[in-house]
Amino acid sequence: MRNLRALISYDGSKFFGWQRQEGFWSVQEALERAIESVTGESVTVFGAGRTDTGVHALRQVASFHLESELSDDRLRHAVNAHIGEGAVVERLETCDDDFHARFSACGKRYLYWVGTSRFRSPFPEEYAHWINQPLSLAAMEVAARDLIGEHDFAAFASSGSERKTTVRTITRARIFPRRRGFAIVVQGDGFLYNMVRTIAGTLIDVGRGRLDTDCVARAIEDGRRAPLGPTAPAGGLYLLRVLYPFPAFRGPDLGPRGAPGVIQPLDSERGDQG
């Protein structure tokens, strides 16, 4: 048996979340079925986090044990041929036996994307939260600063998940404006159920002027959920990265003809090379 870790991207609108559940198609089940189709082995794939229905991932990490002697690269290609629409294994490598996608992680980084164009985007709402009202990004940034540090975030959690404590440490909470929208990026050692979406909904209402900039600090202090903003829709949320205290998936991902995606110049652009 060897231990493998995988880097996975997926479109959350195609799945009912990460975790396997009877009667609903999940990312975990799609990956486990693909591995079994290729190797004939029934495995349990452990994810670094249990993203909810509709939440996307750009760099989710998973781990599992396997007896197959297929090389990492051949296994990756074969699994991607069987995994179906909406998910892809970006990287796959044999790793130390004590690595666990969830328990070895030391943090996660999430992005919540908000579109602010005058007219509704032609892209479906499953991929962004669209708002065409004036927003104060400066006010949102002031409120976001109160998230930084170790706090009891009970007010920002929805019921529905087991947790030993509601204390978490947030190390980054930033607003990144772009031409047709902005991103809320939050990083921490862990997140409660719907915590990032509640943060996003609250900061958006601060930007609208519905909440004052001190609402985050007050909610952390008194633990009350009611004065905060709504839970923002799932479609705007992306798991950007899982953090580990050591490098994972090191080195370039070389394809059969070198690094993929490199654009070669046309012959007319190369100049006279004799």
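Remarks
- In the set Ser9, Ser37, Ser42, only one residue is among the polar types (S, T, N, Q) and assigned to a loop (DSSP other than H, G, I, E, B); that residue is Ser42.
- Top-ranked residue of the range 137-157 - restricted to ones that are surrounded by 14 or more Cβ atoms within 10 Å (Cβ to Cβ) and among the small types (Gly, Ala, Ser), ranked as nearest to Arg197 (Cα to Cα): Ala157
- Restricting Ser104, Ser117 to those that are of a type in the set (Ser, Thr, Tyr) and over 22 Å from the mean Cα position of the chain (by Cα) reduces the list to Ser117.
- Being outside the structural domain of Ile220 (by TED's automatic domain parsing), at pLDDT below 95, over 19 Å from Asp189 (Cα atoms) and among the hydroxyl-bearing types (Ser, Thr, Tyr) is a property that Thr53 has.
- Selected residue [of a type in the set (Gly, Ala, Ser), at pLDDT 95 or above and within 23 Å of Gly235 (Cβ to Cβ)] from Gly86, Gly107, Gly115: Gly86
- Unique residue being closer than 23 Å to Ser26 by Cβ, in a loop (DSSP other than H, G, I, E, B) and either free of Cβ contacts under 8 Å to residues at least 60 places away in the same chain or touching a Gly at 6+ places or on another chain (Cβ under 9 Å) (or both) when the list is Ala105, Ala81: Ala105
- Single condition Thr53 does not satisfy, out of (1) part of a loop (DSSP other than H, G, I, E, B); (2) of a type in the set (Val, Ile, Thr); (3) crowded, with 16+ Cβ neighbours inside 10 Å: (3)
- Hey, Ser13 farther than 15 Å from Tyr110 by Cα, of a type in the set (Ser, Thr, Tyr), surrounded by fewer than 19 Cβ atoms within 10 Å (Cβ to Cβ) and within 20 Å of the chain's Cα centre (by Cα) or not: yes
- Test: residue in the range 232-249 that is surrounded by fewer than 18 Cβ atoms within 10 Å (Cβ to Cβ) and of a type in the set (Ser, Thr, Tyr): yes
- Residue check: Asp189 meets all listed conditions (1) surrounded by fewer than 16 Cβ atoms within 10 Å (Cβ to Cβ); (2) more than 20 Å from the chain's Cα centre (by Cα) but one, namely (2).
- Filter pass, Val79 being within 21 Å of Trp18 (Cα to Cα), surrounded by 21 or more Cβ atoms within 10 Å (Cβ to Cβ) and within 19 Å of the chain's Cα centre (by Cα): no
- Test: residue in the range 63-79 that is under 20 Å from Leu192 (Cβ atoms), touching a Leu at 6+ places or on another chain (Cβ under 8 Å) and at pLDDT 95 or above: no
The values are calculated or read from the model by the stated rules, or taken from the named source; none is laboratory data. Fair warning: this is a prediction, and the values are worked out from it, not measured in the lab. Neighbour counts are summed over all protein chains in view; Cβ atoms, including those assigned to glycine, are modelled from backbone coordinates with ideal geometry.
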